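I'd like to ask some things about the structure below.
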Amino acid sequence: MFWEGFVYKFEESLIANQMSLLIEYAQSYAFFKVVSEHLKGNKEDLEFWVHLNNVTLNDLIIKWCKLFGTDDNELHWKKASKSDGFIGRVRSLITSVFNGNFESWKNYREEMCNFRNTYSAHRNVGAYKPVPLLDEGFDVAASYFDFLVEEFGPWSGHQPFLSEYVESHRKITLSKLKT
């Protein structure tokens, strides 16, 4: 079954799964940010906080790569619509995060996928890769999610944007850390 947007037709189950995964990604991103900040100023239970930080980092990178990593992934953003102009429009949104530079986007995507392949999903002994800049990954995810919210009429005005999910989950995480 297809959902009609203002301009594009979307495959219903794929979009529902993408939206759900993006919300989970936003929750993981918020959790990672809060835990990372807590880790900086906390020397108590350091092993616990480092482990929690690493778990949330790996989780959010794996989720990001399901949507923006290799094109053959079942939930990849390119599979959301076969409508004319869809891929070009979304690619334009994504590359705008990198000032319209497609090469910068390709390099960032490769960096995220390499980190996922080296540390998050597999373990390559002796292969060192620095943690990618995660804020750019969030901006890519938010650009796509917010595009879907705006494009699909019934969601417009009724579905929060991705940054709103992050803020909401950040507050929940902070309140749980205090208990």
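The values are calculated or read from the model by the stated rules, or taken from the named source; none is laboratory data. Please read these numbers as outputs of a predicted model, since none were measured by experiment. Cβ coordinates were reconstructed from backbone atoms using ideal geometry, including for glycine residues, and neighbour counts include every protein chain displayed. Quick note on the areas: whole protein, heavy atoms, side chains included, nothing else; ligands and nucleic acids left out. Shrake-Rupley method; radii C 1.70, N 1.55, O 1.52, S 1.80 Å.
Among the listed pairs Lys106/Lys176; Lys9/Lys33; Lys79/Lys176; Lys43/Lys78; Lys40/Lys63, give every one whose C-alpha distance is greater than 32 Å.
Lys106/Lys176; Lys9/Lys33; Lys79/Lys176; Lys43/Lys78
With θ set to phi - 60° and the Karplus curve 6.51 cos²θ - 1.76 cosθ + 1.60, what are the ³J(HN,Hα) couplings of region 129-141 in order, to the nearest whole Hz, using x for Gly and Pro?
So the Karplus estimates, Gly and Pro as x, are 10, x, 5, x, 5, 7, 5, 5, x, 5, 4, 5, 4 Hz.
Could you state the angle between the C-alpha long axis of helix 12-41 and the longest principal axis of the C-alpha atoms of the chain, as a value from 0 to 90 degrees rounded to the nearest 10?
Helix 12-41 and the main axis of the chain meet at about 30 degrees.
Ok, one more. For region 63-148, which chymotrypsin sites (Phe, Trp or Tyr not before Pro) pass both filters: DSSP loop (anything but H, G, I, E, B) and at most 12 other C-beta atoms within 10 Å?
For chymotrypsin sites (Phe, Trp or Tyr not before Pro) across region 63-148 that sit outside H, G, I, E and B with at most 12 neighbouring Cβ atoms in 10 Å, the list reads Tyr128.
May I pose another question? Just flag the GluC sites (Glu not before Pro) in region 1-85 sitting in loop per DSSP whose Cβ has no more than 14 other Cβ atoms within 10 Å.
The qualifying sites are Glu44, Glu74.
As a test of the formula, what do you get for the chain when each DSSP H run with n ≥ 4 contributes -39,500 (n - 2.57) and the sum is divided by the residue count, at 222 nm and rounded to the nearest 500 deg cm²/dmol?
Value at 222 nm, helices only, nearest 500: -21500 deg cm²/dmol.
With only Lys, Arg, Asp and Glu charged, each at its Cβ (+1 for the first two, -1 for the last two), find how big the charge dipole of the chain is about the Cα centre; round to the nearest 20 debye.
For this selection, approximately 340 debye.
Choose one of Trp105, Asn17, Thr173: the residue whose Cα lies farthest towards the positive end of the charge dipole of the chain (beta-carbon charges +1 Lys, Arg; -1 Asp, Glu; about the Cα centre).
Thr173
Something else: Suppose the chain between Lys9 and Asn53 were pulled fully straight at 0.36 nm per residue; how much longer would it get relative to their current alpha carbon spacing?
Separation in residues times 0.36 nm, less the Cα-Cα distance, equals 12.0 nm.
Here is a follow-up. Quick one: ranking Ser36, Ser20 by accessible area, 1.4 Å probe, largest first, what do you get?
Ser20, Ser36
So how tilted is helix 102-115 from the main axis of the chain? Cα-based, degrees 0 to 90, rounded to 10.
50 degrees
Rounding to the nearest 10 and keeping the result within 0 to 90°, find how far the Cα-based axis of helix 162-178 lies from the longest principal axis of the chain.
The two axes meet at around 20 degrees.
For region 28-171, take the convex hull of the Cα atoms, compute a quarter of its surface area, and give me that in nm², please.
Mean orientational projected area (region 28-171, Cα hull): 10.3 nm².
Please sort by residue number the trypsin sites (Lys or Arg not before Pro) in region 73-106 whose DSSP state is loop and whose Cβ has at most 15 other Cβ atoms within 10 Å.
Passing sites in region 73-106 are Lys82.
Could you state the accessible area per residue of the chain in Å², with a 1.4 Å probe and every protein chain left in place?
Using a 1.4 Å probe on heavy atoms only, each residue of the chain averages 56 Å².
At 1.4 Å probe size, with the rest of the protein present, what percent of the exposed accessible area of region 1-108 is carbon and sulfur atoms?
Percent of accessible area from carbon and sulfur atoms in region 1-108: 52.
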